[in-house]
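These notes concern the structure reproduced below.
The values are calculated or read from the model by the stated rules, or taken from the named source; none is laboratory data. Remember, it's a predicted structure, so these values are computed and weren't measured experimentally. Glycine gets a Cβ as well: all are built from the backbone with ideal geometry, and neighbour counts include every protein chain shown.
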Amino acid sequence: MRGGSAWRVVGWLLLGALAGCAQTPVGPTGPPPQRLIRVGTSGDAPPMTFMREGRIVGVEPDLAQAIVDQIRRPVALVPMRFDELVPALLNGSIDVIMSGLSITPARRVRLAFSNPYMRSGLLAASLRTEASKYATRDAILNAGANVGVRMGSTAESWAQTNLKYGRVVPYPSIEDAAREMAQGRLDLIISDAPMTAWAVSEFAAMLQVIPIRLTEEEIAWAFRPEDAALRDGANAALATMRRDGRLRAILQRWIPFLDRLEAAR
């Protein structure tokens with residue numbers, strides 16, 4: 001699914017097309033400028049959000065651009081570590097989290113979520129030569145395996161709770177875990193379905209996704225509970241994107257294997 005505070009050396013990475021045109025000009029009698037929306041994202045969870053040639057790209061940045069095209073507010077992407085996102089939202093450093101965040105009961109206690117834009121869940125992957133050992137959900141649950149997960153993710157908490165005999169090993173990113181598995185130091189990796197598939201694709205000759213959905217999860221954006229107007233605006237933009245096909249087009253652009261992931265049993 002990491003950088004640190006050094007990512008914020010100069011400030012924010014603006015979505016270029018918005019910075020110059022989305023604000024309403026201010027004159028002596030004109031309206032005040034629209035307030036900047038600060039979007040927190042981890043930038044280390046391909047294909048949802050990641051760095052490419054010095055820019056943050058992926059599903060979430062494209063969705064942020066599409067939303068702002070509708071609500072006409074300037075936006076800045078604020079990269080930070082995944083474990084910094086919720087504290088930053090609650091202390092007012094950012095206004096929304098767009099980072100492939102799963103809706104969970106624990107997160108709902110402190111955060112207000114948008115309507116989900118994607119149904120996902122956890123998938124495992126293994127070495128191709130070992131995949132037959134994990135052909136059922138019970139085989140995964142009862143395996144005495146070394147299991148790599150992304151630190152602080154829903155995969156980590158799920159694995160710690162459900163893998164009775166496994167040894168759960170947290171990594172800064174699921175790509176790091178996939179690399180370790182390709183070198184024979186892990187038996188399984190577990191992450192959100194798109195991130196598992198993306199990580200495995202780098203080592204496709206050696207690794208294989210196991211098409212058994214371990215959980216059912218919904219992916220959404222998180223807001224402070226008191227920011228109902230911002231959340232409602234995002235929900236309205238999302239509904240429009242769903243109707244006109246832009247949401248599906250963005251998801252398929254970054255997740256070309258989306259249909260196969262959705263078909264996982």
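Structural remarks
- Residue satisfying condition, being more than 24 Å from Ala106 (Cβ to Cβ), out of contact with any strand residue (DSSP E or B) (no Cβ under 6 Å at 6 or more places or on another chain), part of a loop (DSSP other than H, G, I, E, B) and modelled with pLDDT of 95 or more, within set Arg185, Arg179: Arg185
- Among residues of the range 163-176, those that are under 18 Å from Ala143 (Cα atoms), assigned to a loop (DSSP other than H, G, I, E, B) and either out of contact with any helix residue (DSSP H, G or I) (no Cβ under 8 Å at 6 or more places or on another chain) or of a type in the set (Lys, Arg) (or both), counted: 2
- Number of the exception - Leu186 against (1) of a type in the set (A, V, I, L, M); (2) buried (at least 21 other Cβ atoms within 10 Å of the Cβ); (3) within 16 Å of the chain's Cα centre (by Cα): (3)
- Where a residue in the range 248-262 is at pLDDT 85 or above and its partner, wherever it lies, is of a type in the set (Asp, Glu), with Cβ under 6 Å and at least six apart: Ile250/Asp62
- Residue in the range 155-174 that is outside the structural domain of Met48 (by TED's automatic domain parsing), farther than 17 Å from Ser99 by Cβ and in contact with a Phe, Trp or Tyr (Cβ under 7 Å, 6 or more places away or on another chain) present: no
- Number of the condition not met by Thr196 [criteria: (1) assigned by TED's automatic domain parsing to the domain that holds Met48; (2) closer than 17 Å to Thr49 by Cβ; (3) of a type in the set (Ser, Thr, Tyr)]: (1)
- Helices (runs of 4 or more DSSP H) wholly inside the range 1-104 that include at least 1 residues being closer than 25 Å to Asn115 by Cα and modelled with pLDDT of 95 or more: 59-71, 85-90
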